[in-house]
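These notes are about the structure you will find just below.
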Amino acid sequence: WTVNNEMARVLNEEYKCKNKAIIINNATEMLPVKDVDKANKEINKLYNLKSNEKLLLFVGRINRQKNLFFIVDALGILKNEKINFKIIFVGSGPDEHMLKNYIKESGVEKNVIMAGKIMDRELLAKIYSRADLFVFPSLYDTNSLVQIEAASQHTPTAFIKSVTASTTTNNVNSIVTNNNVVEYADAIIDLLNDKKRIETLSNNAYRDLYKHWDDLVKEIYDRYINLIENNK
């Protein structure tokens, strides 16, 4: 079993696995925020955001492997194009100090909020809900839980072409670009300037990508039963 078709290809072609893999995507226990307007006001107050500011979001380990410096380079382009935005980085990790220095050197410090590690899942759901776009240009992950958490709150993700992006469809329920910071930033700018398109991608991300563990467990249970019956 593996998490998506691209990982199945890796198993077959690179690891030389002879059996065909069964695809079971990841899921989340996170539930959609019930009162979105109330949640947005709470997050605006907590992080001193203006209601008309576009909000980008990253959630995860603060580690170079997540391609975080690529995100900062894209932020510089957004700032030069005078996009009214903020970004929240949620998480902690070994490269936090290095990231903060790079943010300062890149001149986007006023656009960045370093929120640290957040263990309160309800608060995290509200932050996802307030975000217009989740940014996740990782080449390291296979089927990250955070992109599913974002989808649970009607928040689409901007990827670069990767294994973890392979469960999504570009311009339907996500943005997927080449591994090029200018192309990535331009795609974000185009989306943020198109309110109707944001709404469409947001709804489609929820429809296509959000899966709850309770539903997935039923499918996995049935597979176990079949395996037991067929291998007695």
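The values are calculated or read from the model by the stated rules, or taken from the named source; none is laboratory data. On a predicted model such as this, the values are computed, not experimentally measured, just so you know. Virtual Cβ from ideal backbone geometry, glycine too; neighbours counted across all protein chains shown. We work out accessible area using only protein heavy atoms, side chains counted, and drop any ligands, DNA or RNA first. Shrake-Rupley method; radii C 1.70, N 1.55, O 1.52, S 1.80 Å.
Below are the figures for this structure:
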read-out: Segment 135-160, residues that are within 17 Å of residue 63 (Cβ to Cβ), of a type outside the set (S, T, N, Q) and in contact with a Leu (Cβ under 8 Å, 6 or more places away or on another chain); value: 135, 160
read-out: Top-ranked residue of segment 185-202 - restricted to ones that are among the small types (Gly, Ala, Ser) and more than 16 Å from residue 154 (Cα to Cα), ranked as least open to solvent (accessible area, probe 1.4 Å); value: 185
read-out: Checking residue 179 against (1) modelled with pLDDT of 95 or more; (2) closer than 15 Å to residue 134 by Cβ, the condition it does not meet; value: (2)
read-out: Test: residue 52 is surrounded by 13 or more Cβ atoms within 10 Å (Cβ to Cβ), of a type outside the set (D, E, K, R) and in contact (Cβ under 8 Å) with a residue 24 or more places away in the chain; value: no
read-out: For residue 149: the one exception among (1) more than 22 Å from residue 7 (Cβ to Cβ); (2) acidic (Asp, Glu); (3) open to solvent by less than 20 Å² (accessible area, probe 1.4 Å); value: (1)
read-out: Residue satisfying all of: in segment 55-100; of a type in the set (Gly, Ala, Ser) and closer than 22 Å to residue 156 by Cα; surrounded by the most Cβ atoms within 10 Å (Cβ to Cβ) among these; value: 74
read-out: Subset of segment 15-30 (residues that are surrounded by fewer than 13 Cβ atoms within 10 Å (Cβ to Cβ) and under 23 Å from the mean Cα position of the chain (by Cα)); value: 29
read-out: Tally, over segment 148-191, of residues that are closer than 17 Å to residue 73 by Cα, part of a helix (DSSP H, G or I) and in contact (Cβ under 8 Å) with a residue 24 or more places away in the chain; value: 8
read-out: Residue list for segment 169-199, filter: among the β-branched types (Val, Ile, Thr) and closer than 17 Å to residue 58 by Cβ; value: 175, 176, 177, 181, 188
read-out: Among (1) open to solvent by less than 50 Å² (accessible area, probe 1.4 Å); (2) at pLDDT 95 or above, the one test that residue 114 misses; value: (1)
read-out: Residue, nearest to residue 23 (Cα to Cα), within segment 125-142, restricted to residues that are open to solvent by less than 10 Å² (accessible area, probe 1.4 Å) and either polar (S, T, N, Q) or outside any loop (DSSP other than H, G, I, E, B) (or both); value: 138
read-out: Residue match in segment 84-94 (condition: assigned to a loop (DSSP other than H, G, I, E, B), in contact with a Gly (Cβ under 7 Å, 6 or more places away or on another chain) and either under 17 Å from residue 128 (Cα atoms) or modelled with pLDDT of 95 or more (or both)); value: yes
read-out: Residue match in segment 169-177 (condition: under 11 Å from the mean Cα position of the chain (by Cα) and more than 21 Å from residue 212 (Cβ to Cβ)); value: yes
read-out: Any chance residue 128 is of a type in the set (Phe, Trp, Tyr), modelled with pLDDT of 95 or more and under 24 Å from residue 37 (Cβ atoms); value: yes
read-out: Options 55, 31, 49: the member that is of a type outside the set (Phe, Trp, Tyr) and in a strand (DSSP E or B); value: 55
